[in-house]
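Please read the structure below before turning to the comments.
The values are calculated or read from the model by the stated rules, or taken from the named source; none is laboratory data. All of these numbers come straight from a predicted model, not from anything done at the bench. Every residue, glycine as well, gets a Cβ built from its backbone with ideal geometry; the counts of neighbours run over all protein chains shown.
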Amino acid sequence: MRELLERDRRERFGSAAVNATEEAKKKTPAQLVEHGIKTVKTLYTDIRAPGVAKTCLKTVCTFIKNV
């Protein structure tokens, strides 16, 4: 089953996406969070979507405090 899923992922997204997934497995949780925050800041700038990044980061902080 895993082989079928892996083959399907390669067909849909190419080998670059699979390699990125394998690299993500090597990162620590802190590095993954840092990467996620940078991605949110980059994709949701105040010019494109005002307030979206701020709301997202506030929500993540709330989740972390609850945990």
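Kindly list, by first and then second residue, each pair from a residue in the range 44-67 that is under 15 Å from residue 34 (Cα atoms) and without any contact (Cβ under 8 Å) to a residue 24 or more places away in the chain to a residue that is of a type outside the set (Val, Ile, Thr) and not in a helix (DSSP H, G or I), limited to pairs with Cβ atoms under 8 Å and residues at least 6 apart or on different chains.
Taking only residues 6 or more apart or on different chains, the pairs are 53/44; 53/46; 56/44.
Kindly provide the set of residues from the range 7-62 that are modelled with pLDDT under 85, touching a helix residue (DSSP H, G or I) at 6+ places or on another chain (Cβ under 8 Å) and small (Gly, Ala, Ser), ordered by number.
Answer for the range 7-62, where residues must be modelled with pLDDT under 85, touching a helix residue (DSSP H, G or I) at 6+ places or on another chain (Cβ under 8 Å) and small (Gly, Ala, Ser): 17, 24.
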